[in-house]
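Quick note: the coordinates plus some simple rules give every number you see, no bench work behind them. Owing to the predicted nature of the structure, the values given are computational and were not obtained by experimental measurement.
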Amino acid sequence: MISEITDIWSFVLGTAPSGQTVTVGQMVSIILLLFFGYFGSKFIGFLLGRRLATTKLRADEIHVLKRIAFFILIVLVVVTALGLLGIPLTAFAFATGAIAIGVGFGVQNIINNFISGWILMAERPIRIEDFVEIDNAQGTVESIGNRSTRIRRSDGVHLLVPNSLLLERTVVNWTLIDREVRTIVRVGVAYGSPVKKVAELIRQAVTEQPDVKADPNPSIVFEDFGDSSLVFDAYFWCDVGGEKVLREIRSAIRFRISELFEENDIVIAFPQRDVHLASKDPLEIRLLSTTV
């Protein structure tokens with residue numbers, strides 16, 4: 001039994017370009033090397049990520065280091081496997097060029113997205129955990145893969161955006177440099193309202209919100225004499241990570257403005273129209289009552 005296994009293990013399958021014979025045992029060893037090398041590289045990348053997570057590195061920086069370590073280990077495994085077979089790397093020079101030309105036309109989009117992914121990780125215009133906006137969709141970047149980038153929209157839906165599109169199209173990155181965003185709350189009050197008092201109350205409502213930055217100072221602008229109201233705009237800065245938080249801050253300020261106006265008898269304006277009837281004769285108005 002053992003001799004039969006030994007014979008099978010030593011059975012010659014062919015001869016490598018270097019003249020070295022290739023046996024069944026060598027092929028099995030190489031397959032196991034590639035199998036365990038791949039999953040071992042994944043596991044080492046996982047351990048490296050856990051170790052780097054305790055440092056001050058950002059999530060996108062850790063992701064880049066994990067991918068670099070994974071590809072370096074994979075290359076070492078493949079080179080080792082070729083060495084066991086006795087196949088020099090120069091043997092693939094001509095074949096690799098021919099394959100690259102033929103395959104390049106068929107998978108140019110895949111290669112384009114693959115290279116674009118590395119460019120994104122190198123230049124870092126978009127990073128993991130950034131809040132971005134592309135094609136009227138807003139969301140948080142969760143991962144940058146070999147082919148596409150996964151973005152989680154504000155409504156929880158995931159978008160898979162090809163990496164090349166992130167380089168070719170205009171992408172709004174809310175958190176590229178910092179998380180500061182300026183926004184505005186507009187309110188209209190009835191004509192005859194004390195405008196100085198209105199401005200003070202709006203400023204109070206804005207500055208009372210803990211998420212509003214004190215520097216730069218909030219600005220209250222008497223914007224316009226509107227058709228039905230005196231229009232005021234409140235400009236202020238916030239540290240936010242997306243549109244949802246910004247809407248919640250504006251909502252809280254509007255709630256507070258409504259409370260302060262009610263306490264100070266200031267009326268929030270609504271559309272009104274004065275109708276003038278051009279008639280020389282007096283109008284006769286009758287009240288009709290109906291019984292059921």
Extent of the range 125-173 along each principal axis, from alpha carbon coordinates, in Å, largest to smallest? 25, 20, 15
note: the range 180-263, Cα-Cα separations exceeding 23 Å make up a percent value of 19 percent
Residue 213 long-range amide H proximity, modeled H, under 5 Å: 237, 238, 239
The ³J(HN,Hα) series, computed from each phi in the range 47-54 with the Karplus coefficients 6.51, -1.76 and 1.60 at θ = phi - 60°, rounded to the nearest Hz and given as x for glycine or proline, is 5, 4, x, 5, 5, 6, 5, 7
Mean separation of Cα contacts under 8 Å, 6 or more apart, over the residue count of the range 125-173: relative contact order %: 32 percent
